[in-house]
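Enquirer: Below: one structure in structure tokens.
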Amino acid sequence: MTERQPPVDYIARTRAVYSSLGYPPYRWVANEPLAALARTSKPRSEWRIGLIASGGIYAVGQIAFHHRDDYSYREIARDTPVEDLRTTHFAYDQADARQDPNVVFPLETLRGLAAEGVIGEVGANAYTFMGGIYSASKVRDVLAPALADRLVADAVDVALMVPV
């Protein structure tokens, strides 16, 4: 039996990564006031689910994310084969994500839930970006509104957001 590992202190790890890269100390964002969550009246078996993840996933043929303040995003079609997914990120160990992208980008898992009838369907596209963006204003003013617009265009009922 393997010995249980202590939990990872992500705040300390994030501070250490930023420090080792020569960046100023990481400032955690406090969003005030908190936005109200919306509810859907549809049963889960009819939901169209959108996927947004910050694991730096991109598809073969797309340009990889390239720097800490890269606030661009990639649109990945829902039928993209998992073997065509790649990852690049400066702030986490990507070994597991490279072996199975579903650990940070559960597109295949959602497709399986749709096939089983647990959810209605996956949105036409999933969206991914590289988390750890230092500029909170770029996330608030550029990235988040662009992703929200994409979810509206995809007519999703629920968005699953997967942080890394």
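Enquirer: What number of residues in the range 64-80 are more than 19 Å from Val139 (Cβ to Cβ) and modelled with pLDDT of 95 or more?
Expert: 5
Enquirer: Go through the range 14-58 and report how many residues are of a type in the set (Gly, Ala, Ser) and outside any loop (DSSP other than H, G, I, E, B).
Expert: Keep residues of the range 14-58 that are of a type in the set (Gly, Ala, Ser), which gives 16, 19-20, 22, 30, 35-36, 38, 41, 45, 50, 53-56.
Next, from what is left, pick out any that are outside any loop (DSSP other than H, G, I, E, B): 16, 19-20, 45, 50, 53, 55.
Looking only at that region, the number is 7.
Enquirer: Report whether or not Arg74 is out of contact with any helix residue (DSSP H, G or I) (no Cβ under 8 Å at 6 or more places or on another chain), of a type outside the set (S, T, N, Q) and touching a residue at least 40 places away in the same chain (Cβ under 8 Å). Before the answer, list the steps.
Expert: Numbers: out of contact with any helix residue (DSSP H, G or I) (no Cβ under 8 Å at 6 or more places or on another chain): yes; of a type outside the set (S, T, N, Q): yes; touching a residue at least 40 places away in the same chain (Cβ under 8 Å): yes.
Answer is yes for this residue.
Enquirer: Next question. Only residues in the range 22-45 that are over 16 Å from Val139 (Cβ atoms) count as the first member; pair them with residues that are of a type in the set (Lys, Arg) and at pLDDT 75 or above, Cβ under 8 angstrom, at least 6 apart or cross-chain, and list the lot.
Expert: Once the first residue is over 16 Å from Val139 (Cβ atoms) and sits in the range 22-45, its partners that are of a type in the set (Lys, Arg) and at pLDDT 75 or above give Pro25/Arg15.
Enquirer: On the given criteria, is Asp79 farther than 20 Å from Tyr23 by Cα and without any contact (Cβ under 8 Å) to a residue 40 or more places away in the chain? If you could, list the steps in order and put the result at the bottom.
Expert: On the way: farther than 20 Å from Tyr23 by Cα: yes; without any contact (Cβ under 8 Å) to a residue 40 or more places away in the chain: yes.
Yes; evaluated as a whole, the condition is true for this residue.
Enquirer: OK, next. Among (1) at negative phi; (2) out of contact with any Phe, Trp or Tyr (no Cβ under 7 Å at 6 or more places or on another chain); (3) not aliphatic (A, V, I, L, M), where does Thr14 come up short?
Expert: (2)
Enquirer: Right, something else. So if I check each of Ile11, Ile76, which one is of a type in the set (A, V, I, L, M), open to solvent by 60 Å² or more (accessible area, probe 1.4 Å) and outside any loop (DSSP other than H, G, I, E, B)? Outline the logic, then answer.
Expert: Working: Ile76 fails: open to solvent by 60 Å² or more (accessible area, probe 1.4 Å).
Going through Ile11, Ile76 in turn, the sole match is Ile11.
Yes/no matrix, rows are residues, columns are (1) modelled with pLDDT of 95 or more; (2) loosely packed, with under 13 Cβ neighbours inside 10 Å:
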{"site": "Gly22", "(1), (2)": "no, yes"}
{"site": "Arg27", "(1), (2)": "no, yes"}
{"site": "Arg39", "(1), (2)": "no, yes"}
{"site": "Pro43", "(1), (2)": "yes, yes"}
{"site": "Trp47", "(1), (2)": "yes, no"}
{"site": "Ser54", "(1), (2)": "no, no"}
{"site": "Gln62", "(1), (2)": "yes, no"}
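Listed here are the residues, each with its yes/no results for (1) hydrophobic (A, V, I, L, M, F, W, C); (2) touching an Asp or Glu at 6+ places or on another chain (Cβ under 9 Å); (3) within 19 Å of Leu37 (Cα to Cα).
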residue	(1), (2), (3)
Thr128	no, yes, no
Leu151	yes, no, yes
Ala155	yes, no, yes
Val164	yes, no, no
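The values are calculated or read from the model by the stated rules, or taken from the named source; none is laboratory data. Not measured: the values here are computed from a predicted model. Every residue, glycine as well, gets a Cβ built from its backbone with ideal geometry; the counts of neighbours run over all protein chains shown. With ligands, DNA and RNA removed, areas are computed over all heavy atoms of the protein, side chains included. Shrake-Rupley method; radii C 1.70, N 1.55, O 1.52, S 1.80 Å.
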